[in-house]
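Notes follow the structure.
The values are calculated or read from the model by the stated rules, or taken from the named source; none is laboratory data. Bear in mind the structure is a predicted one, so any value in this text is a computation, not a measurement. Cβ placement follows ideal geometry from the backbone for every residue including glycine, while neighbour counts extend to all protein chains displayed. When the accessible area is computed, the model is the full protein with side chains, heavy atoms only, and any ligands, DNA or RNA have been set aside. Shrake-Rupley method; radii C 1.70, N 1.55, O 1.52, S 1.80 Å.
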Amino acid sequence: MRISDTRKALLHAASVMLLLVTIVQAAPAADVPVKSINETPAQYQARIQWWRDARFGLFMHWGPVSLMGTEIGWSRGGERRGLGSTGTQIPVDVYDNLYKKFNPVKFNADEWVAIAKAAGMKYMILTSRHHDGFSMFDTKASDYKITSPESPFRRDIVKELADACHRAGFKFGVYYSQPDWHNADAYTDRHAKYQQYLKQQVRELLTNYGVIDVLWYDGLMGTAEDYDSLALNKMARELQPNILINNRNRLPEDFDTPEQTIGVFQNQRPWESCMTICNQWAWNPHDTMKSLEQCLQTLIRCAGGDGNLLFNVGPMPTGEIEPRQVERLKQMGDWLAVNGKTIYGTRGGPYKPGTWGASTYQGSNVYLHVFKWQDGSINLPAISRKIRSARLLNGGKVRVRQASKGVSVWVEPADHDAIDTVVVLKLDGNAASIIPVGLPSGIKATASNVYSNQEDYQAEKAFDGSSGSRWATDAGVKHAWIERQFYKPVTINGVSIGEAIDRIEPFLIQVQVNGKWVTVYRGGTVGPSFSASFPAVQTNRARMVIMNATDGPTIYEINYQLAQ
């Protein structure tokens, strides 16, 4: 059914409000979040330790929509919001009947697990049902499912993948959307029936498929009461006592989930960035794939911020994962085979991630992951532990000088790695005793307006790689621009933008060429997760020009994509 305009407006407002809560919520004072069960800190740590040690997981958004190459759920009729160039719409009656043609005969669950393991991943999460309402498992709660008599495939995807993971000793979890745009009972006078539908499906998922390690909700619409979340989670934990539950059903539960951005440094409450290997969550045959440098540095920055990376691929309608994506994942696995001890089982710090790179530690070993050097060296803030020795993880010359004002690290330029140079510092004690410190961002950015001229909302906040900060403008601002200056000419061919509150329409992306501003992209709405590509152009200055906004624009992140 098509959602009414009123209902859509209410759901969208709730979605925006929850997204703000999800992204910017403060870490609690203790390391144990509020959950639907009572347990001691030691019990919680024992339950989540494997996940924290893993650092790297595979996310898969898949369903009949892969036949069209458009975005899952959001391309269904009038549900589009903030998808930019990937927001092609499919009429509801067409979208809802795609499953009758969806026949992924080349799907091989064991092969998917092998791909994840070769990538160095330690767990996987499959979309059991997205917002579009199509179930990829044999549910008794709906006929709109992969095992329907009208489906040419009629095989239980969740079962086959769960069984393959269990055979391989690989952790397995399910994504489950509480919103279901196909269900006629939601947000009507039959909403209580809808809540029972949610409970029935969650019960099936946690009863019929063996051990489920993670329940990954996606309810960025509505309230905890809409989903009866306390009762739903209580039931889930009774069925699977060791399960981990994310924060997307309006309850904090076990971990946070920043989306399409690297989470802010946070070492008191666990978090996991969910991000795509291309631009779209579901498969798009013409999608732009991230470079190996982007992929690896994203993983390293997540670990350096004390978080995980849940990295998404969208399988093809045949049931295969696209070969170029498989190759990129294998390249990441090859790197981890050599450098994995600097990621797995580590904690973020003692240096917070910055433009220079990131650091992780395990015991008295600190691993500096250096992406950018200045004349062969970097200068870091002082730390309270003495550095006993230093070496390059993979061989080469390194020199470290420690003084009361800071730490200087020099590496022979010939030994710099093009993606990540790893320096190992051996301290005189556990690095966990050091209060994490960071460097000034060094980002050169300006804007036409800053909210109350406050430091917390300056232009550089939109480029600092943190979802916990943002650029904001004064109330009533309708037109604005925000510019980033690069230290040297770069070649860019795309942009991703995360708007804190949906207010912008339309906007331009411009770059400076020979002293003149040139428009390289024209866009409409932005929303919380926008991305677009454009022809590669070399520049040392880029800006977003907001042509109109309903109120003062405010943006979490603007990331310009560097061409390879």
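If the condition is being in contact (Cβ under 8 Å) with a residue 24 or more places away in the chain and of a type in the set (G, A, S), then the range 151-198 contributes S151, A162, A164, A168, G173, S177, A184.
Screening G552 on (1) within 28 Å of S273 (Cα to Cα); (2) surrounded by fewer than 17 Cβ atoms within 10 Å (Cβ to Cβ) shows it passes everything except condition (2).
Residues considered: Y367, Y344. Of these, the only one that is closer than 30 Å to H61 by Cα and either open to solvent by 40 Å² or more (accessible area, probe 1.4 Å) or at pLDDT 95 or above (or both) is Y344. For the residues G222, G263, the requirement of being under 26 Å from Y44 (Cα atoms), in a loop (DSSP other than H, G, I, E, B) and small (G, A, S) singles out G263.
So is W216 open to solvent by less than 10 Å² (accessible area, probe 1.4 Å), closer than 21 Å to M275 by Cβ, at pLDDT 95 or above and out of contact with any Phe, Trp or Tyr (no Cβ under 8 Å at 6 or more places or on another chain) or not? Here the answer is no, as W216 does not meet what is asked. The residues on offer are N279, N208, and the sole one that is closer than 28 Å to G69 by Cβ, open to solvent by 20 Å² or more (accessible area, probe 1.4 Å), touching a helix residue (DSSP H, G or I) at 6+ places or on another chain (Cβ under 9 Å) and not aromatic (F, W, Y) is N279. Is it true that I501 is assigned to a loop (DSSP other than H, G, I, E, B) and in contact with a helix residue (DSSP H, G or I) (Cβ under 8 Å, 6 or more places away or on another chain)? Yes; evaluated as a whole, the condition is true for this residue. Each residue in the range 511-549 was checked for being assigned to a strand (DSSP E or B), in contact with a Pro (Cβ under 6 Å, 6 or more places away or on another chain) and more than 25 Å from K290 (Cβ to Cβ), and 1 of them qualify. No other residue among N249, N267, N284 is in contact with a strand residue (DSSP E or B) (Cβ under 8 Å, 6 or more places away or on another chain), touching a residue at least 12 places away in the same chain (Cβ under 8 Å) and open to solvent by 10 Å² or more (accessible area, probe 1.4 Å) apart from N267.
If I filter the range 544-556 for residues that are of a type in the set (F, W, Y) and touching a Lys or Arg at 6+ places or on another chain (Cβ under 7 Å), do I get at least one hit? Checked the range 544-556: at least one residue is of a type in the set (F, W, Y) and touching a Lys or Arg at 6+ places or on another chain (Cβ under 7 Å).
May I ask you to say which residue of E499, E483, E557, E460 is among the acidic types (D, E) and open to solvent by 30 Å² or more (accessible area, probe 1.4 Å)? Working first, answer last.
Numbers: E499 fails: open to solvent by 30 Å² or more (accessible area, probe 1.4 Å); E483 fails: open to solvent by 30 Å² or more (accessible area, probe 1.4 Å); E557 fails: open to solvent by 30 Å² or more (accessible area, probe 1.4 Å).
Testing whether each residue is among the acidic types (D, E) and open to solvent by 30 Å² or more (accessible area, probe 1.4 Å) leaves just E460.
Just one of the numbered conditions (1) of a type outside the set (G, A, S); (2) modelled with pLDDT of 95 or more; (3) farther than 25 Å from G69 by Cα; (4) more than 20 Å from the chain's Cα centre (by Cα) is not true of D306: (4).
With the condition kept exactly as written, say whether any residue in the range 186-201 is crowded, with 18+ Cβ neighbours inside 10 Å and at pLDDT below 95. Looking through the range 186-201, at least one residue is crowded, with 18+ Cβ neighbours inside 10 Å and at pLDDT below 95. For the range 135-178, the set of residues classified as under 27 Å from the mean Cα position of the chain (by Cα) and either surrounded by fewer than 17 Cβ atoms within 10 Å (Cβ to Cβ) or in a helix (DSSP H, G or I) (or both) consists of I157, V158, K159, E160, L161, A162, D163, A164, C165, H166, A168, G169, listed by residue number. Apart from one condition, Q201 fits all of (1) in contact (Cβ under 8 Å) with a residue 60 or more places away in the chain; (2) in contact with a Cys (Cβ under 8 Å, 6 or more places away or on another chain); (3) not charged (D, E, K, R); the exception is (2).
For (1) touching a strand residue (DSSP E or B) at 6+ places or on another chain (Cβ under 7 Å); (2) within 22 Å of D456 (Cα to Cα); (3) modelled with pLDDT under 90, each residue gets a yes or a no:
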| site | (1), (2), (3) |
| --- | --- |
| I497 | yes, yes, no |
| T519 | yes, no, no |
| R522 | yes, no, no |
| F534 | yes, no, no |
| N540 | yes, no, no |
| I546 | yes, yes, no |
| Q564 | no, no, yes |
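Please go through the range 298-324 and give me each residue that is in a helix (DSSP H, G or I) and open to solvent by 10 Å² or more (accessible area, probe 1.4 Å), ordered by number. Within the range 298-324, T298, R301, P323, R324 meet the criteria. Tallying residues that are out of contact with any Asp or Glu (no Cβ under 9 Å at 6 or more places or on another chain) and surrounded by fewer than 18 Cβ atoms within 10 Å (Cβ to Cβ) within the range 513-532 yields 8.
Could you please give the count of residues in the range 379-431 that are open to solvent by less than 80 Å² (accessible area, probe 1.4 Å), in contact with a helix residue (DSSP H, G or I) (Cβ under 7 Å, 6 or more places away or on another chain), without any contact (Cβ under 8 Å) to a residue 60 or more places away in the chain and not in a strand (DSSP E or B)? Qualifying residue count, the range 379-431: 3.
Only residues that are open to solvent by 40 Å² or more (accessible area, probe 1.4 Å) and touching a helix residue (DSSP H, G or I) at 6+ places or on another chain (Cβ under 8 Å) were counted across the range 432-443, and they come to 0.
Counting only residues that are assigned to a strand (DSSP E or B) and out of contact with any Phe, Trp or Tyr (no Cβ under 9 Å at 6 or more places or on another chain), how many does the range 550-564 have? The total comes to 2.
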